[in-house]
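**Q** I am attaching a structure below and will ask some questions about it afterwards.
The values are calculated or read from the model by the stated rules, or taken from the named source; none is laboratory data. Computed from a prediction, not measured in an experiment: that's the story for all the values here. As a convention, Cβ positions derive from the backbone with ideal geometry for all residues, glycine included, and neighbour counts pool all protein chains shown. These area figures cover heavy atoms from the full protein model, side chains too; ligands, DNA and RNA do not enter into them. Shrake-Rupley method; radii C 1.70, N 1.55, O 1.52, S 1.80 Å.
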Amino acid sequence: MNEKRMLGEDHYEQVIAEESICTNENLVYEKPETLTDTPMHYCPGCGHGVAHRLIAEAIAELDIQDKTVGVAPVGCSVFMYNYMNIDMTEAAHGRASAVATGIKRVLPDKYVFSYQGDGDLAAIGTGETIHTCNRGENILIVFINNGIYGMTGGQMAPTTLVGMKSTTTPYGRDVAVMGNPLKITELIAQLPGVYYCTRVAVNTPANVRRAKKAIVNGFKYQELKKGLSFVEVVSNCPSNWKMTPLESNKWMEENMFPFYPLGDLKVPGKEK
Amino acid sequence: MAKVKGDIIIDIEKCKGCELCAASCPQESLELSRKLNSKGYHYIVKIEDNCTGCINCALVCPEGIIKVYRKTEKRMDPVATLTNVTGDLTVTVNS
Ligand SMILES: Cc1ncc(C[n+]2csc(CCOP(=O)(O)OP(=O)(O)O)c2C)c(N)n1
Ligand code: SF4
Ligand code: SF4
Ligand code: SF4
Ligand SMILES: [Mg+2]
């Protein structure tokens, strides 16, 4: 609480009053209309909010608002349908990709995506995830990996890092007892049904731009009917990691990124 | 030559004070207010009049509540500069 702050507040009001450039013609960024005005229930600084906005931006940019159907998971993002101004449904825990498969097969002209956490996609839904990817369903899966079961209070997920504390690993994840963290994205990238597979993050402006591009790609590839697009977003969970939002992003960069490196795992036309 | 001026409008009632915007502002224009909004969060305010409208803050804001404005003021290069023979008077013709 410094003095500058006090001055700052007064100054801010003055600037607005003097000459404002805040007119529609000068507007360069605002949230897309594909995102509703409903305030999100997420904890301060949680990556879910940015990930939602990027999907909404991609839909707006591609002008597919009335042609998109989303499937929300069980997890913190269970109420995603309240925030997205598109058709959405909600699946039982882990089953979002199976539900998305059904929707896409009945409505093949719609752009279909599922949005799933790591507990949802890589624990209870592992079977659905692998088989949906292996079948090469023409859908987009957005996978939010925060290394923890966020909604239920911070239990260990398959993605929890070695040594990472959670309510069920109070002394840190011990490989001898709990096994190694699962890199499910690397696993599914090998499947021939997967057409595009990439790992992004939403912690910095540059990463946000890359993540948006990946999601746009995922939607675009659906038109080609060549298989599944998989976008992992390495994210934070300030509340269950017991950190401030800024600390959680720093911790993510230092600990999550080395184990879950950002970048493309499979890009059309660039088969390894 | 062009001068870029930016500004932002934050929906402070929806701000959760996470400070991610402030951390990504290259101009260090943003800071937490001492005041609280009706949800009980310290909200973000602009403390400097140096915003360039780069949109960084809006990109990282999880609540999607920052609108960014940018105005590029075109500064005309002078058409001619005239100086008299004794060199003690210079006139710049702008347009
Ligand atoms: C069938 C079933 N089993 C267990 C649960 C309890 N449950 C709710 S959310 C969740 C895990 C969520 O973690 P994740 O998918 O990583 O999402 P996050 O909250 O971290 O975004 C669990 C186990 C449930 N709702 N349904
Ligand atoms: S518990 Fe974690 S994942 Fe869930 S909203 Fe809070 S910060 Fe986000
Ligand atoms: S638009 Fe850029 S310069 Fe302006 S407040 Fe936001 S981050 Fe700072
Ligand atoms: S990023 Fe958004 S929610 Fe967080 S402090 Fe800034 S304006 Fe508020
Ligand atoms: Mg999780």
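**Q** Please count how many residues of segment A:148-162 are more than 7 Å from ligand 5 (Cβ to nearest atom), touching a Cys at 6+ places or on another chain (Cβ under 9 Å) and open to solvent by less than 10 Å² (accessible area, probe 1.4 Å). I'd like the intermediate steps shown before the answer.
**A** Of all residues in segment A:148-162, those more than 7 Å from ligand 5 (Cβ to nearest atom) come to A:151-156, A:158-162.
Still in the list and also touching a Cys at 6+ places or on another chain (Cβ under 9 Å): A:151, A:154.
Still in the list and also open to solvent by less than 10 Å² (accessible area, probe 1.4 Å): A:154.
Counting residues in segment A:148-162 that are more than 7 Å from ligand 5 (Cβ to nearest atom), touching a Cys at 6+ places or on another chain (Cβ under 9 Å) and open to solvent by less than 10 Å² (accessible area, probe 1.4 Å) gives 1.
**Q** If you don't mind, there's one more thing I want to ask. Residues in segment A:229-236: is at least one more than 23 Å from residue B:57 (Cα to Cα) and open to solvent by 30 Å² or more (accessible area, probe 1.4 Å)?
**A** Within segment A:229-236 (the criterion being more than 23 Å from residue B:57 (Cα to Cα) and open to solvent by 30 Å² or more (accessible area, probe 1.4 Å)), the answer is no, since none of the residues qualifies.
**Q** For residue A:208, state whether it is of a type outside the set (D, E, K, R) and under 17 Å from residue A:55 (Cβ atoms).
**A** Working: of a type outside the set (D, E, K, R): yes; under 17 Å from residue A:55 (Cβ atoms): yes.
Spelling it out, residue A:208 is indeed of a type outside the set (D, E, K, R) and under 17 Å from residue A:55 (Cβ atoms).
**Q** Can you pull out the residues in segment B:52-70 that are surrounded by 23 or more Cβ atoms within 10 Å (Cβ to Cβ) and more than 7 Å from every other protein chain (Cβ to nearest Cβ)?
**A** Passing the criteria: B:57, B:61, B:65, B:66.
**Q** Any chance you could count how many residues in segment A:93-148 are within 9 Å of ligand 1 (Cβ to nearest atom) and among the β-branched types (Val, Ile, Thr)?
**A** Selection size over segment A:93-148: 3.
**Q** Shifting gears a bit: Name the residue, out of A:115, A:111, A:81, that is within 13 Å of ligand 5 (Cβ to nearest atom) and more than 14 Å from chain B (Cβ to nearest Cβ).
**A** A:115
**Q** Look through segment A:98-122, keep the residues that are of a type in the set (D, E, K, R) and touching a strand residue (DSSP E or B) at 6+ places or on another chain (Cβ under 8 Å), and return whichever of them is nearest to ligand 3 (Cβ to nearest atom). Before the answer, list the steps.
**A** Filtering segment A:98-122 down to residues of a type in the set (D, E, K, R) leaves A:104-105, A:109-110, A:118, A:120.
Filter once more, so that each one left must be touching a strand residue (DSSP E or B) at 6+ places or on another chain (Cβ under 8 Å): A:104, A:110, A:118.
Values: A:104: 39, A:110: 36, A:118: 30 Å.
Among them, the one singled out is A:118.
**Q** The conditions are (1) in contact with a Cys (Cβ under 9 Å, 6 or more places away or on another chain); (2) at pLDDT 95 or above, and residue A:60 fails exactly one of them. Which is it?
**A** (1)
**Q** Now a separate question. Return the residues of segment A:149-184 that are within 14 Å of ligand 1 (Cβ to nearest atom), polar (S, T, N, Q) and outside any loop (DSSP other than H, G, I, E, B); say none if nothing qualifies.
**A** Passing the criteria: A:155, A:166.
**Q** Another question, if that's okay. Is it the case that residue B:49 is at the interface with another protein chain (Cβ under 8 Å from one of its Cβ atoms) and open to solvent by 30 Å² or more (accessible area, probe 1.4 Å)? Show your work before the answer.
**A** Values: at the interface with another protein chain (Cβ under 8 Å from one of its Cβ atoms): yes; open to solvent by 30 Å² or more (accessible area, probe 1.4 Å): yes.
It is true that residue B:49 is at the interface with another protein chain (Cβ under 8 Å from one of its Cβ atoms) and open to solvent by 30 Å² or more (accessible area, probe 1.4 Å).
**Q** Please pick out the residue among A:37, A:66 that is among the acidic types (Asp, Glu) and assigned to a loop (DSSP other than H, G, I, E, B).
**A** Values: A:66 fails: assigned to a loop (DSSP other than H, G, I, E, B).
So the residue among A:37, A:66 that is among the acidic types (Asp, Glu) and assigned to a loop (DSSP other than H, G, I, E, B) is A:37.
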